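Taking it in order: structure first as structure tokens, then the write-up.
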Amino acid sequence: MSDQPKYHRILLKLSGEALMGDADYGIDPKVIGRLADEIIEVQRIGVQIGIVIGGGNIFRGAGLAAAGMDRVTGDHMGMLATVMNALAMADAIEKRGGYARVMSAIQIHDVAEDYIRRRAIRHIEKGRIVLFAAGTGNPFFTTDSAAALRAVEVGADLLLKATKVDGVYTADPARHADATRYEQLTYGDVIQRNLQVMDTAAIALCRDHGMPLRIYDMTVPGSLMRIMRGESIGTLVDGG
């Protein structure tokens, strides 16, 4: 296997829930520290990295709306939660000797730069890990859609969705012992079978721009590096 990474530039999507570890709320410093270690390790072999983090460990707009809150207000609260997570991840990266920039889709100048595509690409090219916060800046769009959008905008070679499951299965593996994991799917497969890999808008954006997507288990140490080395881990979604 070549020492050169298979991918030059990636966009990593982390769920907010992933940062909780075994807790019910908030951020587990051990989890965010381990993720930062893996991200920096991958960057040091020459991979350029952008990151989108969700906010579900703090607030989820759709859930608040279901409980009676105005959906737009709930989504704005969720965007602010992603800023908090991005700041925490940036801090963990910089404590380990990396360089990070938080860019927000909503203006919040005292804590983050405004998202400007050309500036984001420049940061990435200079070896900074860019954390894209506040989703797309618009209500009714998930951070999955934000991840697909940013991946296309910055010219990533691969969109990675880090989850707590090692790929996409035919059924919920926690409930169905006979569930099997897909090695590869097409964008059409995901949409037609309603596989809940990402929301439909995100998958359609990936499909329309030929952005390959890999879903993998972030709780297994070293998985990110193995993917960068070309190993087939998790489930790949592409044009087939």
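No value in this document is a laboratory result; all are computed from the given coordinates. Worth saying up front: this structure is predicted, and the values here are computed from it rather than measured. For neighbour counting, all protein chains shown are included, and Cβ atoms are generated from backbone atoms with ideal geometry for every residue, glycine included.
Just in segment 147-240: which trypsin sites (Lys or Arg not before Pro) are loop by DSSP and have at most 11 other Cβ atoms within 10 Å?
Values: sites: Arg150, Lys161, Lys164, Arg175, Arg181, Arg193, Arg207, Arg214, Arg226, Arg229; in loops: Lys164, Arg175, Arg193, Arg229.
Those satisfying the criteria are Lys164, Arg175.
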Note to self: C-alpha centroids of segment 193-240 and segment 125-191 sit apart, in Å, by 6 Å
Pull out the extension gain between Asp178 and Ala201, defined as 0.36 nm times the separation in residues minus the alpha carbon to alpha carbon distance; nm, one decimal. 5.3 nm
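Multiply the residue gap between Glu125 and Tyr25 by 0.36 nm, knock off their C-alpha separation, and tell me the result in nm, one decimal place. Spell out each step's value before the answer.
Working: separation 100, 0.36 × 100 = 36.00 nm, distance 3.46 nm.
Result for the pair: 32.5 nm of gain on full extension.
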Distance in nm between pseudo-label sites at Arg34 and Ala67 (7 Å out along the Cβ direction from Cα): 2.9 nm
List the pairs from Lys30/Lys95; Lys6/Lys95; Lys13/Lys164 whose alpha-carbon separation is above 22 Å, in the order I gave them. Lys6/Lys95
Cα-projected label distance for Gln107 with Tyr169, points at 7 Å along beta-carbon direction, nm: 4.7 nm
Would you kindly give the portion of the calculated P(r) for segment 46-148 that falls above 16 Å, as a percent of all Cα pairs? 55 percent
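Among rounded, prolate and oblate, which fits segment 9-238 when a ≥ b ≥ c are the square roots of the eigenvalues of its C-alpha gyration tensor, a/c under 1.5 means rounded, and a/b larger than b/c means prolate? It would help to have the intermediate numbers written out before the result.
Working: a/c = 1.35, a/b = 1.11, b/c = 1.21.
Since a/c stays below 1.5, the shape of segment 9-238 is classed as rounded.
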If R0 is 25 Å, what FRET efficiency do you get for Gln4 and Lys95 from their C-beta distance, rounded to 0.05? 0.30
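Counting helices only, and only those DSSP H runs with n ≥ 4, report the 222 nm mean residue ellipticity of the chain as the sum of -39,500 (n - 2.57) divided by its residues, in deg cm²/dmol to the nearest 500. Mind showing how you got there, number by number?
Numbers: 8 runs with 88 residues, N = 240.
Rounded to the nearest 500, it is -11000 deg cm²/dmol.
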